[in-house]
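Just below is one structure, and these are the notes that go with it.
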There are 2 protein chains.
Amino acid sequence: MLDQESIPSVGEQAYRLIRNDIIFGRLAPGARLRLEKLRDRYKVSITTLREILARLAADGFVRAEGQKGFAVAPVSDEDLTEIANLRILLECHALEQSFTDGDVDWEASVVAAHHKLNVMERKMISGDLSVRETWKRYDWEFHRALIQACGSQLLLSTHGEIFDKYLRYQMLTLTFRGEEAARDHRDLMQAALSRDAEAGKTILRRHILNGVEHSIQARVAERLSA
Amino acid sequence: MLDQESIPSVGEQAYRLIRNDIIFGRLAPGARLRLEKLRDRYKVSITTLREILARLAADGFVRAEGQKGFAVAPVSDEDLTEIANLRILLECHALEQSFTDGDVDWEASVVAAHHKLNVMERKMISGDLSVRETWKRYDWEFHRALIQACGSQLLLSTHGEIFDKYLRYQMLTLTFRGEEAARDHRDLMQAALSRDAEAGKTILRRHILNGVEHSIQARVAERLSA
DNA sequence: ATTCGAAAAATAATTGATTATTTTCCAAAT
DNA sequence: ATTTGGAAAATAATCAATTATTTTTCGAAT
């Protein structure tokens, strides 16, 4: 049974590829995005690429410099800090709404998402870094599950945009905080099931800020070893 | 002295036109955006239009329905409420940061922006509705000035996106609350100059929620008279 | 009268060519 | 040696044509 809706257009496929390549660092921060090179790499025409880059510019992953081409959005500690602070603002608020309004289906989805994430974290802790993209996807799914019942589509989509920006920084340094992050996730799930929004917000804030600190240190170390 | 940077490309001009036409209701919510009709109306080619619509879809003003064309984003009371709540979350937070960190230059810009807004509000109160787009622009500038010193570019740009969505609802109903809104603005300016973030947040929350209520009532009245 | 399937019409998506703009290179002037 | 200006090369922006997909229409079957 072939689902026609599951076959994206050529342009949509290339958009997803390029977006992922930026988030996962395969297109480096600040890199010029020459249309002819992108055409060769992604196998779509220049006009289609312009459409994609315009979307990515609106998404914030690409910088469009009027008539001077496009470049991958740069990264900086300041930007990461701003992203993290905005993520905290949005996600803590959404968490609180979700903890208040979530039903038993929501609880089940939180538990299921945590289980999947925990499986990946176990693998990462044991040294298997090959699952890192899956791990980050489950990390997203877990955080999304926690806030899913917040009652505002706009808040969810805005949070998703910010989360992707945060994710990009994590993929660029690709550090793993090990048991500490896994414990945070477990604590978040417990807070969700006991509907303790204050605890949830405190854990989440700490979780994010520690992640930022860890990423910034990793970026410092990277610069020193370069 | 001709500033080359001030001559936007054909595509950029059309993007701004179409965006404004959506915000100011000249392209109605839910309306199909047929490429051939847009080409005739805005005098750009279909490929350029696709690029523009892709951007506007990423902005949230247009809905792209995969392979079935584009439509102006719909409006609803639920959406307006979500926008308002997110605006409150972002703007109150940014207000607090701004009130804390703003310097004397910031104070001057708040006073100046309030002055310009007040001039327009005086005209609106006296019955001159012809200045309504200028009035809404100064309304934006005033609110932007209040939060300008919040210290986060990302917060400012995210807030700007939400504000535009809120603005669209206001332009669609084009109601004016008269002296009540003007008093809120005055109170906000006073709170800013006295660095009273708690008062500022209370006024702002009330200001936005009353505006929402007013818009929803106006939309109900519109539906009854149609 | 209703349903189904095929063809036609309409519209979306993509392409490559053309036009417009920016960047680089190089020779002449200082 | 440095600066300036113009030409060439590179690249961005736009276009119209072609291809792909969706929607509408209409005749045949039930």
Set B:Ala31, B:Ala57: member being closer than 22 Å to A:Gly160 by Cα and away from DNA strand D (no atom under 11 Å from the Cβ): B:Ala57
Residue by residue through the range A:161-187, note down the ones that are assigned to a helix (DSSP H, G or I), without any contact (Cβ under 8 Å) to a residue 60 or more places away in the chain and surrounded by 15 or more Cβ atoms within 10 Å (Cβ to Cβ). A:Gln170, A:Thr173, A:Asp184, A:Asp187
Evaluate the following for B:Asp196: is it open to solvent by 40 Å² or more (accessible area, probe 1.4 Å), assigned by TED's automatic domain parsing to the domain that holds B:Ala94 and touching a residue at least 40 places away in the same chain (Cβ under 8 Å)? yes
Among helices (runs of 4 or more DSSP H) completely within the range A:1-79, the ones holding 2 or more residues that are open to solvent by 60 Å² or more (accessible area, probe 1.4 Å) and within 17 Å of B:Arg50 (Cβ to Cβ) are A:10-23, A:46-59
Looking at the range B:41-76, which of its residues are more than 10 Å from DNA strand C (Cβ to nearest atom) and farther than 20 Å from B:Arg168 by Cβ? B:Lys43, B:Val44
Of the residues in the range A:148-160, how many are touching a residue at least 40 places away in the same chain (Cβ under 8 Å) and under 24 Å from A:Val75 (Cβ atoms)? 2
B:Asp101 being among the acidic types (Asp, Glu), loosely packed, with under 15 Cβ neighbours inside 10 Å, within 22 Å of A:Ser157 (Cβ to Cβ) and more than 11 Å from chain A (Cβ to nearest Cβ): no
Any chance A:Gly127 is without any contact (Cβ under 8 Å) to a residue 24 or more places away in the chain and either among the small types (Gly, Ala, Ser) or not assigned by TED's automatic domain parsing to the domain that holds A:Lys201 (or both): yes
Report whether or not A:Glu51 is touching an Asp or Glu at 6+ places or on another chain (Cβ under 6 Å) and more than 30 Å from A:Lys201 (Cα to Cα). yes
Condition first: open to solvent by 30 Å² or more (accessible area, probe 1.4 Å), free of Cβ contacts under 8 Å to residues at least 60 places away in the same chain and in a helix (DSSP H, G or I). Now tell me which residues in the range A:200-226 satisfy that. A:Thr202, A:Arg206, A:Asn210, A:Glu213, A:His214, A:Gln217, A:Val220, A:Ala221, A:Glu222, A:Arg223, A:Leu224, A:Ser225
Residues of the range A:45-86 that turn out to be more than 10 Å from chain B (Cβ to nearest Cβ) and of a type in the set (D, E, K, R), as a count: 4
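The values are calculated or read from the model by the stated rules, or taken from the named source; none is laboratory data. Here the structure is a predicted model, which means the values were calculated and not measured. Cβ atoms come from the backbone with ideal geometry, glycine included; neighbour counts cover every protein chain shown. Protein only, heavy atoms only, side chains kept; ligands, DNA and RNA dropped before computing areas. Shrake-Rupley method; radii C 1.70, N 1.55, O 1.52, S 1.80 Å.
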